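Worksheet: the structure to be examined is printed underneath.
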Amino acid sequence: MRVLLVEDEPDLGAAIERTLTQEAYIVDWAQDGLEAWGYLESQWTQYTLAIFDWLLPGLSGVELCQRLRAQNSPLPVLMLTAKDRPEDTAAGLDAGADDYLIKPFRKIELLARLRALQRRSPHFQPQQLQVGQLTLDYGTHNVSITNEGQDPQNVLLTHKEFQLLEYFMQHPRQIVSRDQILNQLWGADADAVSNVVAALMRQLRRKLSERGCDDAIETIYGIGYRLNLDHE
C-alpha cells in the first residue's frame, strides 16, 4: 500500500512517515505542493491514499485536491490542518478531500481514518491475495504456502520481504525491473546504485524455497524478475 504524504513541518512529517512505515505502508513524502503535484501528475495511479496538509508552500492542500478532482482522480485524500472552524471543514471537503483530521491528532486516529479511506480506494485490496500455492493475508500480515498433499505452511517475512512478494503477486508472470522494485518499496528517492534489491531477493527466495516453493521468482538477466506461479 503506497501513500503520498504532503507535509512541510519536518518533525510532524517524519513522525507520520515513521508511523506509516511501521504499519507496512510505502511512503513518498513531499514537503511542498508543487513537488507533490509532480508525483501526482506522473503516477497518481500508483498510490492507494494521499495525506495533504492544508497550508503548504507552492500549492496548498486545497489546491492539490482541486487539481486532482479536475482530472477525475478518485484517489482518497485525508486533509490535515489546524483549522477547526466548521466552514474550514466544509471548504476542505468541498475542494475534494474525503476526510479531515485536525491537528494535533493521535496516531491511533490517523491509522483508523486511513483504513476507512482505504476501503474506498480504487486500489482496495481483498483480505487475501492468492497466486498459485501462495496466499498472502492482509489482515494477519502472514504468508502461507500450500504444496500438493500438504497442509499450509507459514512463511515468516520481514515488512520489506512481504511488500516485495506482494508486488510480485500483484503482477504475476510480468517482468518487473530492479528500478520498479526500488521505486515501489523505497519510494521516488531510492538510491539508484544500491544492491538492496538483490539482497532482498535472495532472502525472499531462500525463505520460499525452505517451504518447498522453489524457483518461484525467475531472473530475466539484464531486464528484471518474474513470478512464475500459476495465477488463480
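Take every DSSP beta bridge whose two residues both sit in the chain; close to 50 percent of them are antiparallel.
Let's see if you can work this out: charge +1 on each Lys and Arg Cβ, -1 on each Asp and Glu Cβ, no other charges. What is the dipole magnitude of the stretch 27-70 about its Cα centre, in debye to the nearest 20? Show your work: numbers first, answer last.
Numbers: 2 positive and 6 negative charges, 38 e Å.
Result for the stretch 27-70 is approximately 180 debye, rounded to the nearest 20.
Full extension of the chain between residue 19 and residue 102 yields a length gain of 28.1 nm, computed as 0.36 nm times the residue separation minus the alpha carbon distance. If R0 is 35 Å, the Cβ-Cβ spacing of residue 220 and residue 84 corresponds to a FRET efficiency of close to 0.05. For residue 26, the residues whose amide H sits under 5 Å from its own are 2, 3, ignoring neighbours fewer than 5 places away on the same chain, with H placed 1.01 Å from N. Normalising the average separation of contacting C-alpha pairs (under 8 angstrom, six or more residues apart) by the number of residues puts the relative contact order of the stretch 1-141 at 20 percent.
The string of couplings for the stretch 64-71 from the Karplus curve (6.51, -1.76, 1.60, θ = phi - 60°) is 4, 4, 4, 5, 4, 5, 5, 9 Hz, one whole number per residue in order, with x for Gly and Pro.
Taking the C-alpha atoms only, the angle from helix 10-22 to the longest principal axis of the chain is near 30 degrees. Only helices enter the 222 nm calculation for the chain: every DSSP H run of n ≥ 4 contributes -39,500 (n - 2.57), and dividing by all residues gives -12000 deg cm²/dmol, rounded to 500.
If each residue of separation counts as 0.36 nm, what is the full-extension length gain between residue 209 and residue 128 once their alpha-carbon separation is subtracted?
Numbers: separation 81, 0.36 × 81 = 29.16 nm, distance 2.15 nm.
Gain in length upon complete extension: 27.0 nm.
The simple spin-label model puts a point 7 Å past each Cα toward its Cβ; for residue 138 and residue 175 those points are separated by 3.0 nm. Here the Karplus curve 6.51 cos²θ - 1.76 cosθ + 1.60, taken at θ = phi - 60°, turns the phi angles of the stretch 176-181 into couplings of 10, 7, 4, 5, 5, 5 Hz, with x standing for Gly and Pro. Its Cα centre serving as origin, the chain has a Cβ charge dipole (Lys and Arg +1, Asp and Glu -1) of approximately 380 debye. The calculated FRET efficiency for the pair residue 199 and residue 41, based on their C-beta separation and a Förster distance of 35 Å, comes to about 0.60. Take every DSSP beta bridge whose two residues both sit in the stretch 34-135; close to 20 percent of them are antiparallel. For the stretch 40-150, the dipole from Cβ point charges (+1 on Lys and Arg, -1 on Asp and Glu) about the Cα centre works out to 160 debye, to the nearest 20. Which angle between 0 and 90 degrees, to the nearest 10, do you get for helix 196-210 versus the longest principal axis of the chain when only C-alpha atoms count? For 196-210 against the chain, the angle is about 50 degrees.
The count of lysine pairs in the chain that are at least 8 places apart or cross chains, and whose C-alpha atoms lie under 28 Å apart, stands at 4.
Which of rounded, prolate, oblate describes the stretch 46-129, given a ≥ b ≥ c as roots of the alpha-carbon gyration tensor eigenvalues and a/c under 1.5 marking rounded, otherwise prolate only if a/b is larger than b/c?
Working: a/c = 2.11, a/b = 1.29, b/c = 1.63.
The shape class here is oblate.
Taken together, the values in this text are just the output of simple stated rules run on the coordinates, not laboratory data. This one's a predicted model, so the numbers in the text were calculated from it and none came from an experiment. Every residue, glycine among them, receives a Cβ derived from its backbone with ideal geometry; neighbour counts consider all protein chains shown.
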